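We did not get these values from a lab; they are worked out from the coordinates using the rules stated. Note that the coordinates shown come from a computational prediction; the quantities given were computed from them, not determined experimentally. When we count neighbours, we look across all protein chains shown, and the Cβ atoms used for this are built from the backbone with ideal geometry, even at glycine.
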Amino acid sequence: MPVSQHPGLSVNTLSLDELRTLNSAVVQRIKWLRSEEDKRMKRTLFIGSQVSFRDNDGRMAEGKVTKIMRKFAKVDVGDCIWRVPLNHLTKV
């Protein structure tokens, strides 16, 4: 249910400062959740892992991990090497 339709909660009544504070809290939470996803994926990956991800055109691409960095992995898909965010990878 969207926040604006949640009973007892309306962003329409919040002041600009309250909205900024809320936005900051939401962004911080999203970053934390993504960081946790990155850590979880990083623990399961190793060089040579077969992974899949969606490329820039939305098509599924599969390849082999050649390097694991803090937030990204380099994935060799045959004709090129992609730098992919860890939370966009799925092990095959």
In deg cm²/dmol, rounded to the nearest 500, the helical mean residue ellipticity at 222 nm of the chain, built from -39500 (n - 2.57) for every DSSP H run of length 4 or more, is -11500 deg cm²/dmol
hull vol. (C-alpha, convex hull) per residue for the stretch 33-83, Å³ -> 78 Å³
Pseudo-spin-label distance residue 66 to residue 20, built 7 Å along Cα→Cβ, given in nm, is 4.6 nm
Taking Cα atoms, the helix 16-44 axis meets the longest principal axis of the chain at an angle in degrees (rounded to 10) of 20 degrees
Amide H contacts under 5 Å for residue 73, restricted to residues at least 5 apart in sequence or on another chain and with H modeled in the peptide plane, are 84, 86
Taking the chain, the lysine pairs whose C-alpha atoms sit under 21 Å apart (8 or more places apart or on different chains) add up to 18
Least to most buried among 9, 89, by other C-beta atoms within 10 Å and fewest first, runs 9, 89
For the pair residue 11 and residue 55, the simple spin-label estimate (label points 7 Å beyond Cα toward Cβ) gives in nm 3.5 nm
